[in-house]
Amino acid sequence: ANIVYVYDQTNGNRDNVHRSVNAGQNFSLSNAIPGNNNSSGKLSVSAACPNCLYFLSGNGLWESTDSGQNFSFISNPGVGTGGFAVNDQDISKMVLGYVDIYNSSNGGQNVTQTTWWYLGNGAHGTGSLQDRFLNSNSYVHADMRIAKRVRGVFSIGTDGYVAETDDNCVH
């Protein structure tokens, strides 16, 4: 409860996380996130791993297992950083993306596209675009802005609306 993380994506040094161990009274910088190259990113934590902190940027996904002091590179999903969340009950499950939404069931090693903003191709059935939209469980409005997870349920906020899923954004 005393550890607080702050990430300042507006400053000139986006390779560090500000970390407090005394409920925000004082902050110190983490060690540099290796390979981030000053790319702006998002943070996520999970109650399932109290000492873990996750960082996603356009240059990759990293994990800290020592409360945000050091980071290890996991992968480079290359899917955008509009929103990012690690499941609060299972750190192997993550949701990330921007225009479309992706999930991971193996801690970010691999990601799978699970929603599509545009349903105008054959992968989403036949019929009119209206029918595809009304009958699709894979459409989510574009431009994810935020992702959160509470009791295993992911909430995705886009610039159009909020969507929820309890199956790691598979449907």
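The values are calculated or read from the model by the stated rules, or taken from the named source; none is laboratory data. Fair warning: this is a prediction, and the values are worked out from it, not measured in the lab. Glycine gets a Cβ as well: all are built from the backbone with ideal geometry, and neighbour counts include every protein chain shown. Areas reflect the complete protein model, heavy atoms only, side chains present, ligands, DNA and RNA absent. Shrake-Rupley method; radii C 1.70, N 1.55, O 1.52, S 1.80 Å.
Some points to look at:
- PHE71 fulfils the conditions (1) over 24 Å from ASP159 (Cα atoms); (2) aromatic (Phe, Trp, Tyr); (3) modelled with pLDDT under 95 except for a single criterion, (3).
- Elements of type strands (runs of 3 or more DSSP E) in the stretch 1-60, at least 1 residues being out of contact with any Lys or Arg (no Cβ under 9 Å at 6 or more places or on another chain) and either of a type in the set (Gly, Ala, Ser) or closer than 26 Å to SER92 by Cα (or both): 18-20, 41-44
- Just one of the numbered conditions (1) open to solvent by 10 Å² or more (accessible area, probe 1.4 Å); (2) modelled with pLDDT of 95 or more is not true of GLY60: (1).
- Of the numbered criteria (1) in contact (Cβ under 8 Å) with a residue 24 or more places away in the chain; (2) closer than 18 Å to ALA147 by Cβ, the one ASN36 fails is (2).
- For first residues located in the stretch 91-115 and touching a residue at least 12 places away in the same chain (Cβ under 8 Å) and under 21 Å from SER72 (Cα atoms), partners that are open to solvent by 60 Å² or more (accessible area, probe 1.4 Å) and of a type outside the set (Ser, Thr, Tyr) and lie 6+ apart or on another chain with Cβ distances below 8 Å form the pairs SER92/ASN106; ASN103/LYS93; ASN103/VAL170; SER104/LYS93; SER104/ASN110; SER105/LYS93.
- Flag for ASN11 being free of Cβ contacts under 8 Å to residues at least 24 places away in the same chain, open to solvent by 50 Å² or more (accessible area, probe 1.4 Å) and over 20 Å from THR158 (Cβ atoms): no
- Selection count where residues are β-branched (Val, Ile, Thr) and surrounded by fewer than 19 Cβ atoms within 10 Å (Cβ to Cβ), scope the stretch 63-78: 1
- Test: residue in the stretch 48-57 that is open to solvent by 60 Å² or more (accessible area, probe 1.4 Å), under 12 Å from the mean Cα position of the chain (by Cα) and closer than 19 Å to VAL150 by Cα: no
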